[in-house]
Amino acid sequence: MRSYTLEIDPEQLVFWTRAELAQKPSRLKTWASCGREVRTFDKRPEFLIGDAEEEDLSEIATVASLEIRPGSEKEGWSISVLVEDEPGLSISDQDVEDGEDEIDLETFYDTFLLPGRGTVYVTATVRDAAAQARATRFLGDVLNDRHRVSPARQRP
């Protein structure tokens with residue numbers, strides 16, 4: 001398997017995927033999740049705190065991911081959209097759990113693809129050159145807006 005970064009508007013990709021899933025039968029499957037990651041606090045000069053306070057702090061990042069796959073595993077490709085919010089600070093005695101929960105595609109789109117929500121990464125994973133060609137054809141459908149939908153027309 002080989003993974004590579006895609007230069008594509010994630011909002012258009014997900015919006016188009018929603019339209020594709022509405023088609024019967026759909027040629028896609030999706031899975032989305034959201035979770036929190038508790039990380040060690042990275043002391044920065046702009047935070048004026050002492051060593052004792054630093055020990056009580058951790059950073060919490062919200063991470064949402066979406067995987068888009070063809071209906072058949074034989075196709076050999078998948079596309080992932082990962083959204084990572086800027087980490088916030090938490091006091092270590094607060095009860096924050098690592099882990100992730102499954103969410104639906106609408107929640108992923110409406111909650112995590114807002115402008116300025118976080119850093120978005122879009123990657124493709126392909127099994128071989130033939131799978132890469134199939135993924136490229138799929139992305140061509142998205143870029144050419146085969147369903148004639150546009151997120152700009154749908155968002156206020």
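The values are calculated or read from the model by the stated rules, or taken from the named source; none is laboratory data. On a predicted model such as this, the values are computed, not experimentally measured, just so you know. Every residue, glycine as well, gets a Cβ built from its backbone with ideal geometry; the counts of neighbours run over all protein chains shown. Keep in mind that these areas ignore ligands, DNA and RNA; they rest on the heavy atoms of the full protein, side chains included. Shrake-Rupley method; radii C 1.70, N 1.55, O 1.52, S 1.80 Å.
Selection over segment 52-74 of residues that are modelled with pLDDT of 95 or more and among the charged types (D, E, K, R) gives a count of 2.
Restricting the search to segment 1-33, which residues are part of a strand (DSSP E or B) and either open to solvent by less than 30 Å² (accessible area, probe 1.4 Å) or aromatic (Phe, Trp, Tyr) (or both)?
So in segment 1-33, the residues part of a strand (DSSP E or B) come out as 2-5, 28-33.
If the condition is that a residue be part of a strand (DSSP E or B) and either open to solvent by less than 30 Å² (accessible area, probe 1.4 Å) or aromatic (Phe, Trp, Tyr) (or both), then 4, 28, 31, 32, 33 are the ones that fit.
Checking the condition surrounded by 11 or more Cβ atoms within 10 Å (Cβ to Cβ) and either at pLDDT below 95 or assigned to a strand (DSSP E or B) (or both), which residue from 131, 124, 135 passes? The match here is 124. Restricting attention to segment 81-117, the residues that are open to solvent by less than 80 Å² (accessible area, probe 1.4 Å) and at pLDDT below 55 add up to 3.
Note on segment 103-117: among residues that are out of contact with any Cys (no Cβ under 9 Å at 6 or more places or on another chain) and not in a helix (DSSP H, G or I), the one that is nearest to residue 12 (Cα to Cα) is 113. Residues that are at pLDDT below 90, surrounded by 11 or more Cβ atoms within 10 Å (Cβ to Cβ), over 20 Å from residue 26 (Cβ atoms) and of a type in the set (Lys, Arg) occur at least once in segment 141-156. In segment 118-146, the residues that are over 19 Å from residue 15 (Cβ atoms) form Cβ pairs under 6 Å with partners that are of a type in the set (Asp, Glu) and open to solvent by 40 Å² or more (accessible area, probe 1.4 Å), at six or more places apart or across chains, as follows: 119/84; 134/75.
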